[in-house]
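Student: Below you will find the structure I want to go over with you.
Any read-out appearing in this document is the output of simple, stated calculations on the displayed coordinates, not a laboratory observation. Computed from a predicted model, the values in this text were never measured in an experiment. Cβ sites come from the backbone with ideal geometry, for glycine too, and all protein chains shown count toward neighbours.
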Amino acid sequence: MKIGLNYYLWISAFMFTVGVLGVLTRRNAIVIFMCIELMLNAVNLSFVAFSHFMGDIQGQMMVFFVMTVAAAEAAIGLAIVISLFRNKETVNIDEINILKG
């Protein structure tokens with residue numbers, strides 16, 4: 001049984017939607033980072049699916065770029081969250097207002 005491109009795109013769209021809803025509704029910075037990672041992985045799934053069905057390797061190469069951006073985002077973002085937690089003792093983004101002038 002061969003799985004069609006539509007199934008991969010529906011799963012990718014579902015993952016991206018869950019990520020967007022998580023970013024828009026949650027207030028915990030760690031959960032927001034995880035939702036951003038979910039959105040990036042949804043994009044990766046679309047790239048790989050299109051790459052496979054079109055027989056082109058450029059989509060798979062873009063996955064490495066997205067994974068690099070995700071790793072950098074995770075490293076820098078977690079460092080910022082840890083620094084904010086040490087200063088404010090919370091990761092709730094509503095309570096973090098030290099960047100206001």
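Student: Based solely on its DSSP helices, what 222 nm [θ] is calculated for the chain when runs of n ≥ 4 H residues each add -39,500 (n - 2.57) and the sum is averaged over all residues, nearest 500 deg cm²/dmol?
Tutor: Numbers: 3 runs with 78 residues, N = 101.
The helix contribution divided over the chain gives -27500 deg cm²/dmol.
Student: With 20 Å as the cut-off, how large is the P(r) tail for the chain, expressed as percent of Cα-Cα pairs? Could the numbers behind the result be given before it?
Tutor: Details: 2504 of 5050 pairs.
Summing the P(r) of the chain above 20 Å gives 50 percent of all pairs.
Student: Between MET67 and ASN87, what length in nm is gained on full extension when 0.36 nm per residue of separation is reduced by their alpha carbon distance? Present the calculation step by step, with values, prior to reporting the outcome.
Tutor: Working: separation 20, 0.36 × 20 = 7.20 nm, distance 3.00 nm.
Extra length available between MET67 and ASN87 comes to 4.2 nm.
Student: Shape call for the range 43-101 from the C-alpha gyration tensor, a ≥ b ≥ c root eigenvalues: rounded (a/c under 1.5), prolate (a/b greater than b/c) or oblate?
Tutor: Working: a/c = 4.54, a/b = 3.63, b/c = 1.25.
Taking the square roots of the gyration eigenvalues as a ≥ b ≥ c, the range 43-101 is prolate.
Student: Oh, and also: With a 10 Å cut-off between alpha carbons and a GNM built on the chain, which of MET54, MET62, MET34 moves the most?
Tutor: MET54
Student: Please check which bits of the range 31-50 a label hung off LEU9 would reach, taking the label as a point 7 Å along Cα-to-C-beta and the cut-off as backbone N under 19 Å.
Tutor: What the label zone holds, given the 19 Å backbone N cut-off, is 40-50.
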